[in-house]
1. Looking at 189, 172 in this structure, which one is within 19 Å of residue 88 (Cα to Cα) and assigned to a loop (DSSP other than H, G, I, E, B)?
2. Of the residues that sit in the stretch 254-279 and are assigned to a loop (DSSP other than H, G, I, E, B) and of a type in the set (Ser, Thr, Tyr), which one is surrounded by the most Cβ atoms within 10 Å (Cβ to Cβ)?
3. Give the residues of the stretch 149-164 that are assigned to a loop (DSSP other than H, G, I, E, B) and either free of Cβ contacts under 8 Å to residues at least 60 places away in the same chain or open to solvent by 10 Å² or more (accessible area, probe 1.4 Å) (or both), sorted by residue number.
4. Which of the numbered conditions does residue 284 fail, given that it passes all the others? Conditions: (1) within 16 Å of residue 217 (Cα to Cα); (2) within 19 Å of the chain's Cα centre (by Cα); (3) surrounded by fewer than 22 Cβ atoms within 10 Å (Cβ to Cβ).
5. How many of the residues in the stretch 198-223 are assigned to a loop (DSSP other than H, G, I, E, B) and open to solvent by 10 Å² or more (accessible area, probe 1.4 Å)?
6. Quick one: which residue in 146, 188 is out of contact with any strand residue (DSSP E or B) (no Cβ under 8 Å at 6 or more places or on another chain) and open to solvent by 10 Å² or more (accessible area, probe 1.4 Å)?
7. Of the residues that sit in the stretch 224-253 and are among the polar types (S, T, N, Q), part of a helix (DSSP H, G or I) and under 11 Å from the mean Cα position of the chain (by Cα), which one is surrounded by the most Cβ atoms within 10 Å (Cβ to Cβ)?
8. So which residues in the stretch 117-133 are surrounded by 20 or more Cβ atoms within 10 Å (Cβ to Cβ) and under 23 Å from residue 222 (Cα atoms)?
Amino acid sequence: MQPPTHVRGRIPALAALLLLLTAFAATQPLRPSEPRPVSAPTGDFSAARAVALLDGIAKVPHPAGSAAQADVREYLVGELRKLGLRPEVQTRVAPSNADSPAVVGSVSNIHATIPGEKPTGRVLLVAHYDSVPIAPGAGDDGSNVAAILEIARVLKTGAQPRNDIEILFTDGEEQGLLGAQAFVDAEAGSRPAADPRRTVVVNMEGRGTSGPVVMFQKAGTGLTSAVRASGALTTSFSAAIYEKLPNDTDLTVFDEAGMRGLNFAFMNGSAHYHTAHDSISRLDAASVQDMGDAALGAVRRLGGTDLSQSGPDATYFSLFGTVVSYPAWLALPLALTALLGVPLLLWLGRSRGLSPRGAGRAALTFPLTLIGAAAIGPAGWSALSLARPDFALSEGSVHHLGRYAWGGALLLLVLLVAWYRWARRKASPLDIVAGVLGWFALLAVVCAVLLPGAAYLFTWPALIGLAVLAVTLRFTRSDSPGGWWPEQ
């Protein structure tokens, strides 16, 4: 059975339109929220109200131990008192969490609590209030300190939460996570019998001055509902990769102490990070709104959850504005299903024009595109660095990075088109699709074994691709040229 001629003629156009609509829907969550004004309802987070606090937090550089930081600390204590809280300045000596160089310093954390009605644990809302010596620190991390003040105001206007909500502004983060370490050390001495898993940390970071908020690290299990409630972009792939990197935030310390947690950050405008350009004037209020909404959503969910329960680990990723999740143990079975589906489809599809030999040729040459793609980035950057020596010192953090990303994507597209045209000499379009899906299925299994949080990146394209290919073969005549519907 075949579709009518007029339908067959429209299939390429319909497929292209579907791809464009899918791409548009997928990119919409990448746009930060519109900042809400000062006049927003009292129960809503308002970026305008948060940004208005930044003059007292991030107007000038305020590294740990400086007079400017003491002024910021006094300001924050005053703002917390205005909210009806009882802030405590905790001054302690702590060692750096970093492996090297060894640093020991005296730090002054600021801590306050919104008591819960029937606590099963506590939610620890964290941002650091020190900056590097040359930066005012509007993005890193003044905006998030201001956001926490606005979140505290919102929480105080609503019903009492079930669990304690604790606010912690850490000191000395830039010198090696000193404040977080001081807090953990003090907790170990004062609450030695407490179950650390009943503490869930919501850490807020700024790796730039703009962009959507990403939940890039999850410590512990049983937090998927809070991730979904945050509305932030997220993926278990980023969490899996982050574990392999040497990067640290305050959540590193809490994680090592056995606490669970979520790490949020906005990362666009990274060229301003740790420079004098990390200022209030360059901070995007939309990112502040995105962060406030994400952290408040997570805190509200955690504030009403039984924190004595954790639950299994999960694979998760953002899709069309929501978070898809399923148990992590499914990663390998799903990947193996995709891998076994490839030879099965090749065998069943022989009578419909699918050639295992053609698919094999395509599969053997497809890695050339992967090698080329891996080489395009470094080679392109090296070429740019010859023309602009300052690029060699920027570690990829340049202004208008999107233009370079588009350039790299176009180069990759040219590479794929060139490979496809070459592969078409000895293979049909369906053979080529089958060969590529074989690689996706194989990579899915490799990731499921070595990096389970990333397996979905290959598993679902392979499974969906195999299903589409099976349906296509169902409507393909065995005598069709190239294994496709014949022209009329």
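The values are calculated or read from the model by the stated rules, or taken from the named source; none is laboratory data. Just so it is clear, the model here is predicted, and its values are computed rather than measured. A quick note on method: Cβ atoms are made from the backbone with ideal geometry, for glycine too, and the neighbour counts reach across all protein chains shown. Only protein heavy atoms, including side chains, enter the accessible area calculation; ligands, DNA and RNA are left aside. Shrake-Rupley method; radii C 1.70, N 1.55, O 1.52, S 1.80 Å.
1. On the way: 189 fails: assigned to a loop (DSSP other than H, G, I, E, B).
Of 189, 172, the one residue that is within 19 Å of residue 88 (Cα to Cα) and assigned to a loop (DSSP other than H, G, I, E, B) is 172.
2. Our first condition is that a residue be assigned to a loop (DSSP other than H, G, I, E, B); within the stretch 254-279, this holds for 257-259, 269, 273-279.
Within this subset, residues satisfying the condition of being of a type in the set (Ser, Thr, Tyr) are 273, 275, 279.
Values: 273: 18, 275: 14, 279: 20.
For the stretch 254-279, the residue satisfying everything is 279.
3. Our first condition is that a residue be assigned to a loop (DSSP other than H, G, I, E, B); within the stretch 149-164, this holds for 158-163.
Within the stretch 149-164, 158, 159, 160, 161, 162 qualify.
4. Every condition holds for residue 284 apart from (1).
5. Total satisfying the criteria: 4.
6. Details: 146 fails: open to solvent by 10 Å² or more (accessible area, probe 1.4 Å).
Just one listed residue meets the conditions, 188.
7. Within the stretch 224-253, the subset among the polar types (S, T, N, Q) is 224-225, 230, 234-236, 238, 247, 249, 252.
Now drop any that are not part of a helix (DSSP H, G or I), which leaves 224-225, 230, 236, 238, 252.
From what is left, the residues that are under 11 Å from the mean Cα position of the chain (by Cα) are 236, 238.
On the way: 236: 25, 238: 19.
Within the stretch 224-253, the match that is surrounded by the most Cβ atoms within 10 Å (Cβ to Cβ) is 236.
8. Hits for the stretch 117-133 are 121, 122, 123, 124, 125, 126, 127.
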